[in-house]
């Protein structure tokens with residue numbers, strides 16, 4: 001779990017300033033609200049994950065991959081869901097392109113096609 005916390009810190013540390021400078025929100029938020037939302041989403045999804053998968057019986061690599069998927073999903077929807085999605089200012093698209101490359105650094109299995117908002121987690125599959 002420490003690895004997930006470090007990854008979450010890194011995601012916010014590396015992207016929060018960029019997000020504030022380059023993207024427009026629909027409703028203005030505070031930094032701590034984005035982090036708390038990420039933690040809330042992560043806790044809910046991690047609970048769902050552990051009811052479907054036994055992380056203790058997985059290899060460290062597979063367990064870390066599952067936790068990384070939950071973290072990525074949580075980060076994307078906590079930091080990116082409130083961004084403008086319009087022809088004039090498509091902050092969601094900017095966010096998607098910028099974050100996707102950073103996600104690939106610590107989770108190389110993330111699909112490169114499409115936008116980061118296009119993906120979901122299937123807890124019934126490993």
Over region 32-56, the set of residues buried (at least 16 other Cβ atoms within 10 Å of the Cβ) and closer than 15 Å to residue 76 by Cβ is 34, 35, 37, 38, 41, 42, 45
Answer yes or no: is there a residue in region 20-31 that is in a helix (DSSP H, G or I) and surrounded by 14 or more Cβ atoms within 10 Å (Cβ to Cβ). no
Given the criterion at pLDDT below 90, more than 15 Å from residue 4 (Cα to Cα) and more than 12 Å from the chain's Cα centre (by Cα), identify the matching residue among 98, 109. 109
Could you identify the single residue in 62, 89, 85 that is touching a helix residue (DSSP H, G or I) at 6+ places or on another chain (Cβ under 9 Å) and not in a helix (DSSP H, G or I)? 85
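The values are calculated or read from the model by the stated rules, or taken from the named source; none is laboratory data. In this text the structure is predicted, and so the values were computed from the model without any measurement. Counting neighbours? That spans all protein chains shown, and the Cβs are built from the backbone with ideal geometry, glycine included.
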